Amino acid sequence: MPLAEIQARIASACDVAGRKTSDVKLIAVSKVQPNERVAAVLDEGHRIFGENKVQEAAGKWPDFRKVYDGIELHLIGPLQTNKVKQAMQLADAIHTVDRTKLANAMARHAQDLGRCPDLFIQVNTGEEPQKAGILPADADAFVAEVRALDLPLTGLMCIPPVDEEPSLHFALLAKIAERNGLSGLSMGMSSDFESAIALGATHVRVGSAIFGERVYG
Ligand SMILES: *Cc1c(COP(=O)(O)O)cnc(C)c1O
């Protein structure tokens, strides 16, 4: 689907929700996509992208940054502690802070690097054992912990279970964010970004609807 069409759908979802289009960022999720497809979207003027693996991001985005100004890169995948420093050097935002060890490592590296990307805490709203993220019951305490480390906490992120109504998870995430005074809500993907916007998403992460299906192999 052309980028312009996704942008139009975001604008109309914002209209319906009585929100400003400028309050919702479209993160074009470029993981696994061939560089030509990514370059085509850059050539259309889009600058906000998401990747879920540090390695893949490192192999792609420093080169794109040499050619295109103003790129804003978001890391949206599970993060290993030994990749944190590299992730912080590469990215403008990290959406997957979900444990104390990771937060502590980030605080340490933020000192060395003299900067820190905008951070989101990932909440495992569906309490799925295989999924990353802090459990909803532990979220308030973890928000306080991250804040106590002086890290730039922007908001919360979730990935609803594939077989459940996503709105329930979006609403839960919004509620946790609100009671913690957090304004950022990273939620909504290709199949459900409009309902995420209705429930307050500030960052939607849209991959296949923009780039086409991912071909792994
Ligand atoms: C891949 C991915 C997306 C994009 O998924 P689509 O269904 O292709 O839009 C969004 N968020 C995360 C965390 C992802 O890993």
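Quickly run through segment 113-132 and pick out the residues that are over 15 Å from ASP92 (Cα atoms), open to solvent by 20 Å² or more (accessible area, probe 1.4 Å) and in contact (Cβ under 8 Å) with a residue 24 or more places away in the chain.
If the condition is that a residue be over 15 Å from ASP92 (Cα atoms), open to solvent by 20 Å² or more (accessible area, probe 1.4 Å) and in contact (Cβ under 8 Å) with a residue 24 or more places away in the chain, then GLY126, GLU128, LYS131, ALA132 are the ones that fit.
Any residue at all in segment 8-26 that is farther than 22 Å from PHE193 by Cα, at pLDDT 95 or above and among the charged types (D, E, K, R)?
The answer is no, given that none of the residues of segment 8-26 is farther than 22 Å from PHE193 by Cα, at pLDDT 95 or above and among the charged types (D, E, K, R).
For segment 49-75, give me each residue that is within 15 Å of the chain's Cα centre (by Cα), more than 13 Å from the ligand (Cβ to nearest atom) and open to solvent by 20 Å² or more (accessible area, probe 1.4 Å).
If the condition is that a residue be within 15 Å of the chain's Cα centre (by Cα), more than 13 Å from the ligand (Cβ to nearest atom) and open to solvent by 20 Å² or more (accessible area, probe 1.4 Å), then GLU72 is the only one that fits.
Output the number of residues of segment 190-217 satisfying the condition of being in contact with a Gly (Cβ under 9 Å, 6 or more places away or on another chain), of a type outside the set (D, E, K, R), within 8 Å of the ligand (Cβ to nearest atom) and touching a residue at least 40 places away in the same chain (Cβ under 8 Å).
Of the residues in segment 190-217, 2 are in contact with a Gly (Cβ under 9 Å, 6 or more places away or on another chain), of a type outside the set (D, E, K, R), within 8 Å of the ligand (Cβ to nearest atom) and touching a residue at least 40 places away in the same chain (Cβ under 8 Å).
For the structure I just gave you, tell me whether ASP92 is within 13 Å of the chain's Cα centre (by Cα) and open to solvent by 30 Å² or more (accessible area, probe 1.4 Å).
On the way: within 13 Å of the chain's Cα centre (by Cα): yes; open to solvent by 30 Å² or more (accessible area, probe 1.4 Å): yes.
When the stated conditions are applied, ASP92 passes them.
What is the number of the single condition among (1) without any contact (Cβ under 8 Å) to a residue 60 or more places away in the chain; (2) hydroxyl-bearing (Ser, Thr, Tyr); (3) open to solvent by less than 10 Å² (accessible area, probe 1.4 Å) that SER30 does not meet?
(1) is the only condition that SER30 fails.
Based on this model, can you work out whether ALA141 counts as surrounded by fewer than 17 Cβ atoms within 10 Å (Cβ to Cβ), aliphatic (A, V, I, L, M) and part of a helix (DSSP H, G or I)?
Working: surrounded by fewer than 17 Cβ atoms within 10 Å (Cβ to Cβ): yes; aliphatic (A, V, I, L, M): yes; part of a helix (DSSP H, G or I): yes.
Taking the combined requirement at face value, the residue satisfies it.
If I filter segment 162-179 for residues that are in a loop (DSSP other than H, G, I, E, B) and open to solvent by less than 30 Å² (accessible area, probe 1.4 Å), do I get at least one hit? Step through it out loud before you land on a result.
Quick first cut of segment 162-179, residues in a loop (DSSP other than H, G, I, E, B) only: 162-165.
With open to solvent by less than 30 Å² (accessible area, probe 1.4 Å) added as a condition, the list becomes none.
No.
Please tell me if GLY184 is under 17 Å from the mean Cα position of the chain (by Cα), away from the ligand (no atom under 16 Å from the Cβ) and over 20 Å from MET1 (Cβ atoms).
On the way: under 17 Å from the mean Cα position of the chain (by Cα): yes; away from the ligand (no atom under 16 Å from the Cβ): no; over 20 Å from MET1 (Cβ atoms): yes.
Considered against the rule, which asks whether it is under 17 Å from the mean Cα position of the chain (by Cα), away from the ligand (no atom under 16 Å from the Cβ) and over 20 Å from MET1 (Cβ atoms), GLY184 comes out as no.
The values are calculated or read from the model by the stated rules, or taken from the named source; none is laboratory data. Source: prediction; values computed, not measured. All Cβ positions, glycine included, derive from the backbone under ideal geometry; neighbour counts span all protein chains shown. Only protein heavy atoms, including side chains, enter the accessible area calculation; ligands, DNA and RNA are left aside. Shrake-Rupley method; radii C 1.70, N 1.55, O 1.52, S 1.80 Å.
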